[in-house]
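In what follows, a single structure is set out as structure tokens and then discussed.
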Amino acid sequence: MSKEQETRLLRILEQNGRIDTEVLAKMLDEDEETVIQTIKRLEDEHVILSYAAVINWNKVEQESQVAAMIDVKVTPQRGVGFDEVANRIQRFPEVSALYLMSGTYDLSVMVEGQTMEGVARFVSDKLSTLDAVLSTTTHFRLKKYKHDGIVFGEDEKDRRMVVSP
């Protein structure tokens, strides 16, 4: 399979990890065995890390979690830059995503908790107390409109999923 076809395969799987390999083969104009072997190789090489479902938790009867994006300004450590502090932050179970950013802040930390108070405690007791952390700014998510290319609407017809060719 060519690199272009492999990239197309990855984009399709990123949008729908449950798509049948027979359908994938037709979409890519490849034989099914080639598709299966390519997916297996990409999993073994850790190119494909996980398959996940995008859930609209607002429609599930349970208490919703509070989500926040925290901008973090840090002092990079000599010889390791931002990696050492990022490794410490990513170990906290409250952290769902972590990114090195350009601009005013160095790290963007996505956090989930049961309450706003719980997220605030995480910031004040765990994140802000790290030696390299200079400052934080917390933004609480109020409503999710779109995530991973999927629109969250009131009606099923509002949901759009586009796969690039």
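The values are calculated or read from the model by the stated rules, or taken from the named source; none is laboratory data. All values reported here derive from a predicted model rather than from experimental measurement. Here Cβ is always computed from backbone atoms with ideal geometry, including for glycine, and neighbour counts include all displayed protein chains. Side chains included, ligands, DNA and RNA excluded: accessible areas come from the protein's heavy atoms. Shrake-Rupley method; radii C 1.70, N 1.55, O 1.52, S 1.80 Å.
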Problem - Number of the condition not met by Leu24 [criteria: (1) touching an Asp or Glu at 6+ places or on another chain (Cβ under 7 Å); (2) open to solvent by less than 40 Å² (accessible area, probe 1.4 Å)] - result: (1)
Exercise for the section: Search the range 1-30 for residues that are under 14 Å from Arg41 (Cα atoms) and pair each with any residue that is crowded, with 16+ Cβ neighbours inside 10 Å and small (Gly, Ala, Ser) when their beta-carbon atoms are under 8 Å apart and the residues are at least 6 apart or on different chains. Expected result: none
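Looking only at residues that are of a type in the set (Gly, Ala, Ser) and modelled with pLDDT under 95 in the range 103-117, which one is farthest from the chain's Cα centre (by Cα)? Don't jump to the end; show me each part of the working.
Applying the first criterion (of a type in the set (Gly, Ala, Ser)) to the range 103-117 yields 103, 108, 113.
Filter again for modelled with pLDDT under 95, leaving 103, 113.
Numbers: Gly103: 20, Gly113: 16 Å.
Checked the range 103-117; the qualifying residue farthest from the chain's Cα centre (by Cα) is Gly103.
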Problem - the range 68-83 - residue that is charged (D, E, K, R) and without any contact (Cβ under 8 Å) to a residue 40 or more places away in the chain and, of those, least open to solvent (accessible area, probe 1.4 Å) - result: Asp83
